[in-house]
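As structure tokens, the structure follows; a few thoughts come after it.
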């Protein structure tokens, strides 16, 4: 397809829609990676990235000419020759991907695939959610985390090199490659000396369908925020249904929130029950049977059993010789709350007012995405 001034359609609409949606989804993954409160958005962006990648793999086989992998699957000698050409001023201009850029594209696609796969494994093992939650253990989740992070940083580095390459080639050949990925057109000219040439059509319907599919997925994924109310807030992740006990609930929630047994190790609960006559300045005056029932419930479901992510991390943070009797004394709690300022603490009823920031505190699950500062 040629317009005036020998303008040639190189990038079809599906390829361009894919490219910019991928830029946005990967960027969203990065922007939400350091704050647990945005885990739900991070997961959405990760799923979107993976779905886009699956489309690109198919489009690389069945798409239009310049989008097909076989048209830019250059061998390594071609890459080195192109790079040498840039240095000596003899690098040929390509309508599609140049040899160096093609290797960057393949590497980026591979890294995105591996990063999302290990992200799904991490999500299943550490958070207990996602399609792999029934198959991935805590240990596997721990292993997946450093790999996921390493791959993400490596991806960032390769993307940086790719962007630098785009700038260099745009300058060298005096054409705006970023603009070409928006309009789809490049100048055909007489200086096209490398790559393959082929007829390209817009395939507009497919491009629009991709965009509509992502929008529909976003609407479905975030629908809970639309129907959320103050009395019934949307909880992005349904945590595990943790065990409960009527006697524990009735005796331990009269004066404060019922801190689920998963928040302290068994030795801490034993100490608390042994000292029930001086329970933080109070005498609980519980009879032996009640003490025995509550203690059994606490010990059976303590952090040692690793029923939740916070339970495991709290347990791992406490030195074996320590027996804290307050959740707020644990190293993990301190580490997670050290950045909260005095002004924020003034808005709640002390450090033990978990429900002020954690919508699922009473359930004991403390999912990352259920957290918000008042």
(request) Give the Rg/Rh ratio for region 2-50, taking Rg as the radius of gyration of the Cα atoms and Rh as the Kirkwood radius, to two decimals. (result) 1.29
(request) Please give the per residue volume of the convex hull enclosing the alpha carbon atoms of the chain, rounded to a whole number of Å³. (result) 182 Å³
(message) Need one number: nm distance between label points at residue 300 and residue 90, each 7 Å from Cα along Cα→Cβ, rounded to one decimal.
(response) 8.1 nm
(request) Quick one: plug the Kirkwood hydrodynamic radius of region 148-284 (C-alpha pairs) into Stokes-Einstein at 25 °C, 0.890 mPa s, and report D in µm²/s. (result) 106 µm²/s
(request) Please work out the FRET efficiency for the pair residue 349 and residue 288, using the Cβ-Cβ distance as r and a Förster radius of 30 Å; give the result to the nearest 0.05. (result) 0.35
(message) How large is the Rg to Rh ratio of region 246-370 when both quantities use alpha carbon positions and Rh follows Kirkwood?
(response) 0.95
(request) Find the relative contact order for the chain and round it to a whole percent, using C-alpha pairs within less than 8 Å whose residues are 6+ positions apart. (result) 18 percent
(request) Using a 10 Å cut-off on Cβ atoms, rank the peptides 257-265, 298-306, 32-40 from the highest mean neighbour count down. (result) 257-265, 298-306, 32-40
(request) Round to the nearest 0.05 the FRET efficiency obtained for residue 340 and residue 6 when R0 = 56 Å and r is the Cβ-Cβ distance. (result) 0.35
(message) I want to check the label-to-label distance for residue 156 and residue 110. Put each point 7 Å from Cα in the C-beta direction and report it in nm to one decimal.
(response) 2.2 nm
(request) Stick to the Cα atoms of region 1-82, pair each with every other, and give me the Kirkwood hydrodynamic radius in Å at one decimal. (result) 15.1 Å
(message) If I model a spin label as a point 7 Å beyond the Cα along the Cα-Cβ vector, how far apart are those points for residue 164 and residue 80 in nm?
(response) 2.1 nm
(message) For region 4-227, take the convex hull of the Cα atoms, compute a quarter of its surface area, and give me that in nm², please.
(response) 14.2 nm²
(message) Multiplying the sequence separation of residue 176 and residue 36 by 0.36 nm and subtracting their Cα-Cα distance, what value in nm do you get?
(response) 46.6 nm
(message) Compute a Gaussian network model of the chain, connecting alpha carbons closer than 10 Å, and tell me which residue from 242, 163, 286 fluctuates the most.
(response) 286
(request) Compare the peptides 19-29, 41-51 by average per-residue count of other Cβ atoms within 10 angstrom and give them in order, highest first. (result) 41-51, 19-29
(request) Between the alpha-carbon centers of region 315-336 and region 1-53, tell me the distance in whole angstrom. (result) 42 Å
(request) May I ask for the Rg/Rh ratio of region 206-305, computed from Cα atoms with Rh as the Kirkwood radius, given to two decimals? (result) 1.28
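Readers should treat all values here as calculations from the given coordinates under stated rules, not as data from a laboratory. These numbers come from a predicted model, not from an experiment. As a convention, Cβ positions derive from the backbone with ideal geometry for all residues, glycine included, and neighbour counts pool all protein chains shown.
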